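One structure is given below, encoded as structure tokens.
Rule-based calculations on the coordinates, nothing more; no lab input. Because the structure is a prediction, the values reported are computed rather than measured. Heads up, the Cβs are rebuilt from the backbone with ideal geometry, glycines too, and the neighbour counts pull from every protein chain shown.
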Amino acid sequence: NPEGDPGGAYFEWGTDPTLSSPTATCNYAYYSNCPVTANFTTQSFSSSLTGLASGAVYYYRMVFYDGNNAGFQRGAILNFTTQ
């Protein structure tokens, strides 16, 4: 829910459990690349990853970039293991 603010939603991901230097699924500096509708409704989004290593643990979190104040809201870090 962007709470009425324009912005973008994307994922940060990587193999570091702290995501200290994550890869982003969208270039948030141009949030028009991953826009959300500036309303008060929960919105879904997704992203596909390719080229992941087998048997590796990857960490990820959701990020919202608020275009009104150039602020970031980050979700909890979650993980998955590839087969």
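When residues of region 29-66 are filtered for being more than 26 Å from Glu3 (Cβ to Cβ) and touching a Gly at 6+ places or on another chain (Cβ under 9 Å), how many remain? Write out each step before concluding.
Applying the first criterion (more than 26 Å from Glu3 (Cβ to Cβ)) to region 29-66 yields 48-59.
When the remaining residues are screened for being touching a Gly at 6+ places or on another chain (Cβ under 9 Å), the result is 58-59.
Number of matching residues: 2.
In summary, strands (runs of 3 or more DSSP E) completely within the chain and bearing 2 or more residues that are without any contact (Cβ under 8 Å) to a residue 12 or more places away in the chain occur at 71-74. Give the residue, chosen from Thr37, Thr50, Thr41, that is under 21 Å from Gln83 (Cα atoms), of a type in the set (Val, Ile, Thr) and over 10 Å from the mean Cα position of the chain (by Cα). Answer to the check: Thr50.
Give Gly67, Gly55 a once-over and let me know the one that is of a type outside the set (S, T, N, Q), surrounded by 12 or more Cβ atoms within 10 Å (Cβ to Cβ) and over 12 Å from the mean Cα position of the chain (by Cα). Testing whether each residue is of a type outside the set (S, T, N, Q), surrounded by 12 or more Cβ atoms within 10 Å (Cβ to Cβ) and over 12 Å from the mean Cα position of the chain (by Cα) leaves just Gly67.
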